[in-house]
1. From LEU21, LEU4, which residue is surrounded by 10 or more Cβ atoms within 10 Å (Cβ to Cβ) and part of a helix (DSSP H, G or I)?
2. Among the residues of the range 24-52, count how many are open to solvent by 80 Å² or more (accessible area, probe 1.4 Å) and part of a loop (DSSP other than H, G, I, E, B).
3. Any idea how many residues of the range 9-29 are at pLDDT 95 or above and closer than 20 Å to LEU41 by Cα?
4. Assess whether TYR55 counts as being at pLDDT below 95 and surrounded by 10 or more Cβ atoms within 10 Å (Cβ to Cβ).
Amino acid sequence: MKSLFKKRTEPFVYHKYYLLLQKRWAEKMQRATAGRSKRKLTWGLMFFTVLASGYLIYNLYRTFKESGVPAVSKIKIINLKK
């Protein structure tokens, strides 16, 4: 546990594929958001949040509606003497 809190003497080096993926994702997001105002970006984020939350709530509702809550079974007494 002590090794987690030690200060590193050498910098952490990320894998080249991770850095490439990070760079491409940043470029893609830059192109997607270029020319958009702060208000449009905020509305887009709120729309995505509401849409994702609605989908999650729908899935939870559908799961509990179909399967229902399972009833608790009675405790079975084990008779060790036979």
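The values are calculated or read from the model by the stated rules, or taken from the named source; none is laboratory data. Bear in mind that the values here come from a model prediction, so they are computed numbers and not experimental data. Cβ placement follows ideal geometry from the backbone for every residue including glycine, while neighbour counts extend to all protein chains displayed. Keep in mind that these areas ignore ligands, DNA and RNA; they rest on the heavy atoms of the full protein, side chains included. Shrake-Rupley method; radii C 1.70, N 1.55, O 1.52, S 1.80 Å.
1. Only one candidate qualifies: LEU21.
2. Residues flagged as open to solvent by 80 Å² or more (accessible area, probe 1.4 Å) and part of a loop (DSSP other than H, G, I, E, B) within the range 24-52 amount to 2.
3. Of the residues in the range 9-29, 4 are at pLDDT 95 or above and closer than 20 Å to LEU41 by Cα.
4. Answer is no for this residue.
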